[in-house]
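Here the structure comes first, spelled out in structure tokens, and everything after it is commentary.
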Amino acid sequence: MIRPAFVYFALFALFSTSVYAAGSTDYALDQGFVKFSAPASWPVIMEKTEGDPQFIAFQVKDPADAGSGEATRVTIETRLLDDSANFQPLVNAGMAKAKQLPGYEQRTDGVDATVLRYFAQNGKTRYEYRETWYLNGHLMVHVRCARPMLAGTSAQWTAEYEKGCGEIMTTLRPH
């Protein structure tokens, strides 16, 4: 016979797991100096949390990706700067590199001025990129969200992706 206390515990465990899965997960780089949150449904596909630079990369699973050979990725990278004056030249170099990508086209409609949003070709597929850089003490923090522009991608998935990428950028901003 199943005891009522066991049933309540099992239901609590199931409920708390589903609530957690729908929420966010906290991450840290550089011994906790850089902290951010990302959607719990985004699996970490690569990470380097020792030395310099450090990074965490996520894959954002879009049902439209299946069989396409394409993947949506979000990467957070930190780099220790010996001098904060090096920050702007590194940002400028990152922006110049983006502008050299094949098919580069900057997106300007409804875009936050601190975020570089653009389209570019990655092989035969057009991608949308969203990049920003922060200076946190002597650490340069670079966030890059990249997604293929696939016909089968739903508006709901796109909204969730945009929200998650925005959440990372917001939680990374130095306070």
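Please treat every number below as a calculation from the coordinates, not as lab data. Here the structure is a predicted model, which means the values were calculated and not measured. Cβ placement follows ideal geometry from the backbone for every residue including glycine, while neighbour counts extend to all protein chains displayed.
Each Lys or Arg adds one and each Asp or Glu takes one away; over the other residues whose Cβ falls under 10 Å from the Cβ of V74, this sums to +4. Of the trypsin sites (Lys or Arg not before Pro) in the stretch 115-175, the ones in a loop by DSSP (not H, G, I, E or B) with at most 15 other beta carbons within 10 Å are K124.
Counting Lys and Arg as +1 and Asp and Glu as -1 over every other residue whose Cβ lies under 12 Å from the Cβ of W157, the net charge comes to -1.
When only the Cβ of Lys, Arg, Asp and Glu is charged (+1, +1, -1, -1), the dipole of the stretch 41-175 relative to its Cα centre reaches about 300 debye.
Across V111, V34, V44, mean-square fluctuation computed from a Gaussian network of the chain (C-alpha pairs under 10 Å connected) peaks at V111. From the Cα gyration tensor of the stretch 85-175, with a ≥ b ≥ c the square roots of its eigenvalues, which class applies: rounded if a/c is under 1.5, or else prolate if a/b is larger than b/c, or else oblate? Oblate is the answer for the stretch 85-175, as a/c is 1.5 or above yet b/c matches or exceeds a/b. 3J(HN,Hα) couplings calculated from phi for the stretch 94-108 with the Karplus curve 6.51 cos²θ - 1.76 cosθ + 1.60 (θ = phi - 60°) are, in sequence order, x, 5, 5, 4, 4, 5, 8, 5, x, x, 4, 8, 6, 9, 10 Hz; Gly and Pro show x. Calculated on the alpha-carbon coordinates, the convex hull of the stretch 24-172 measures out at 116 cubic angstrom per residue.
Only Cα pairs under 8 Å and 6+ residues apart enter the sum, and on that basis the relative contact order of the chain stands at 19 percent. Rounded to the nearest 10 degrees, the inclination of helix 155-172 to the longest alpha-carbon principal axis of the chain is 70 degrees. What is the sum of charges around P53, taking Lys and Arg as +1, Asp and Glu as -1, for the other residues whose C-beta is under 11 Å from the C-beta of P53? After counting each charged neighbour, the total is -2.
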